[in-house]
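The structure appears below as structure tokens.
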Amino acid sequence: MRRPTPLLPALAACLLLTACGAERAGTGDTGPGAASPPPRTQVTDPGMDGVRITAVTIPSPSPSPSRSFSVSAESLPADSGILAAYEVTNQGTEALTYSVLFDFTTSGGEVMSNKWETVRDVGPGETVRGTVRLGVLPPGASPVTRVKVSEVTKVPADEAPSSAGECPPSGIRVTADQGDAAMGLRVVGLHLENCGTRDYTVNGYPLLELLGEDHEPVEGVRILQGSGEITTAAGPDEPPRPVTLRPGETATAGLVWRNTTLSGTPVDVPYVRVRAKAGADPVTVTPRLDLGTTGQLGVRPWKRAAEQPPSSRPGSPE
């Protein structure tokens, strides 16, 4: 289960921002009184899973000469000006969409902020370059001296969830949220939006395939209809009912499990291939299910999103 700002594993590739090798970006006025452009530091980063940082830019906290690029929230304007250039190389044989988590940390590894970047449709053998910006540092943040690639997920480009504002040819958009956790119980929501022009009906449970890091099926996990065998804390199981979504309407379903670890090898599921119903186009989401050794995953049926009562459904006759 991901958290918006976790202290992520030390195995992530990280970069210490120092003055050595810094290059100045831009060719503006450098006369008396002119503001110096922020230093751009070229770096050599082994990267992670085809993603690596190639350069970092971080402004000095004051106009006085300094050999350190440490920056604190108190010494920066609204935007910190800190950014990192990166590149993504697809070493596989099919087009992939990447989701990359970048951490901005102190020299001791404490995460001050992090940013997700999505890089879509990277073809086999192709390299795509981009830039990630820190933006505004949280109030009271310690000096940021490191940037690291801390997590990378990648899915087939034709199975990646559509970005907000885009509707796939199927006319439905399937996404997963970041979920909730309490006392070892995990719940992740699946969201189905009818972004097309026709009504769309589901009746029952989303169809799931659990996939490992190699995108091959994960064995030894029972997918249960409902969550009653796992917990009663998520509320009573509701029977599946037909749900017809008009254009603009949404439905939700849920994944429920416990990450209890007893004897045996814990099971981790980084990818879940979801079909809204039989025959629907698959969408691969990345909730990372840490199933422990329970070997069970409960699935709750589709239901109309609670925030859309019939009286306020988009497209309802006036």
Taking into account only those residues within region 281-305 that are open to solvent by less than 10 Å² (accessible area, probe 1.4 Å) and aliphatic (A, V, I, L, M), which is farthest from E219 (Cα to Cα)? A305
Residue within region 172-180 that is open to solvent by 60 Å² or more (accessible area, probe 1.4 Å), part of a strand (DSSP E or B) and either more than 30 Å from G92 (Cα to Cα) or in contact with a helix residue (DSSP H, G or I) (Cβ under 9 Å, 6 or more places away or on another chain) (or both) present: yes
Those residues of region 140-164 which are in a loop (DSSP other than H, G, I, E, B) and either touching a Cys at 6+ places or on another chain (Cβ under 9 Å) or open to solvent by 50 Å² or more (accessible area, probe 1.4 Å) (or both), in sequence order: G140, P143, S162, A164
Return yes when Y200 is under 21 Å from the mean Cα position of the chain (by Cα) and open to solvent by less than 70 Å² (accessible area, probe 1.4 Å) and no when it is not. no
Criterion first (open to solvent by 30 Å² or more (accessible area, probe 1.4 Å), within 27 Å of the chain's Cα centre (by Cα) and under 19 Å from E159 (Cβ atoms)) does L207 satisfy it? yes
Residue match in region 77-100 (condition: in a strand (DSSP E or B), in contact (Cβ under 8 Å) with a residue 60 or more places away in the chain and open to solvent by 20 Å² or more (accessible area, probe 1.4 Å)): yes
Filtering region 51-76 down to residues that are of a type in the set (G, A, S) and either at pLDDT 70 or above or part of a loop (DSSP other than H, G, I, E, B) (or both), which residue is least open to solvent (accessible area, probe 1.4 Å)? A55
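The values are calculated or read from the model by the stated rules, or taken from the named source; none is laboratory data. Worth saying up front: this structure is predicted, and the values here are computed from it rather than measured. Every residue, glycine among them, receives a Cβ derived from its backbone with ideal geometry; neighbour counts consider all protein chains shown. Accessible surface is based on the protein model in full, side chains and every heavy atom, while ligands, DNA and RNA are left aside. Shrake-Rupley method; radii C 1.70, N 1.55, O 1.52, S 1.80 Å.
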